[in-house]
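The structure under discussion appears below in the form of structure tokens.
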């Protein structure tokens with residue numbers, strides 16, 4: 001299958017607190033247009049479904065939140081930018097008890113024309129566009145007299161990205177690779193009530209990555225840590241549906 005589409009986003013004013021504080025909230029951005037070209041393939045049976053798609057995005061006046069020419073946070077337009085890549089999804093019911101979900105993707109972005117923007121340059125990558133990302137979920141199900149129990153093991157990965165379009169060193173968000181595990185039991189419905197209990201541990205492999213923003217250690221923003229996932233965290237939950 002193939003698709004060709006054009007998208008449009010109207011111009012707007014920036015209402016974010018930072019932009020309002022520095023006086024940039026009243027600077028409007030121009031309308032944005034996006035041309036999309038996609039090619040895809042899909043395969044499906046009772047136990048297996050798989051789809052793969054490649055795409056090309058071409059932006060004109062892409063709206064983004066970044067630093068304006070005065071160095072203040074603001075809503076602004078990037079004259080021309082491109083993104084291309086692929087993504088795929090797999091769902092496989094291995095047996096009556098096991099199921100695997102897998103997704104992966106890759107993005108390559110480029111600012112083709114930065115116009116007169118001071119902190120955004122031609123040839124840089126767009127913010128938050130990971131070169132590689134993937135996620136998988138392996139689940140085990142077991143029915144018994146009380147209901148259904150399940151155990152889930154998941155993994156998420158996203159390669160290094162920048163959180164601004166200038167691609168500066170202190171705006172690097174390091175690659176993330178996180179493991180999670182959870183257990184859930186869904187009790188059989190009784191008297192129009194449904195109960196479930198769930199427990200798990202998230203961010204088992206989570207780490208903080210810190211960067212120095214300035215040599216002045218007295219400033220409150222001298223160091224920032226990304227991603228701020230910290231150490232592993234556990235949870236326990238009970239749900240009742242009526």
Q: Grab the DSSP H runs of the chain that are 4 residues or longer, score each as -39,500 (n - 2.57), total them, divide by all residues and round the 222 nm result to the nearest 500 deg cm²/dmol.
A: -500 deg cm²/dmol
Q. With contacts defined as alpha carbon pairs under 8 Å and 6 or more residues apart, what's the relative contact order of the chain in percent?
A. 11
Q: Order by neighbour count: 36, 240, fewest other Cβ atoms within 10 Å first, most last.
A: 240, 36
Q) Ranking 195, 43 by Cβ neighbours within 10 Å, fewest first, what do you get? A) 43, 195
Q | Inverse mean reciprocal Cα-Cα distance (Kirkwood Rh) of the range 74-149, Å | A | 16.0
**Q.** Pairwise centroid distance, computed over Cα atoms, of the range 175-197 with the range 1-79, Å
**A.** 35
Q: Using a 10 Å cut-off on Cβ atoms, rank the peptides 71-78, 171-178, 186-193 from the highest mean neighbour count down.
A: 71-78, 171-178, 186-193
Q | Principal semi-axes in Å for the range 1-128 [√(5λ), Cα gyration tensor, largest first] | A | 38, 17, 13
Q) Full extension from residue 50 to residue 108: what is 0.36 nm times the residue separation minus their Cα-Cα distance, to one decimal in nm? A) 18.6 nm
Q.
Given an 8 Å cut-off on Cα distances and at least 6 residues of separation, report the relative contact order of the range 1-100 as a percent.
A. 26
Q: Order these peptides, 135-141, 159-165, by their mean beta-carbon neighbour count within 10 angstrom, highest first.
A: 159-165, 135-141
**Q.** Highest average packing first - 82-93, 59-70, Cβ atoms within 10 Å
**A.** 59-70, 82-93
Q. What number, in nm² with one decimal, is the all-direction average of the projected area of the convex hull of the alpha-carbon atoms of the range 1-73?
A. 7.5
Q. Would you list 98, 179 from fewest to most Cβ contacts within 10 Å?
A. 98, 179
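Quick note: the coordinates plus some simple rules give every number you see, no bench work behind them. These numbers were taken from a predicted model, which means no experiment stands behind them. Using ideal geometry, Cβ is built from the backbone for each residue, glycine included, and neighbour counts are taken over all protein chains shown.
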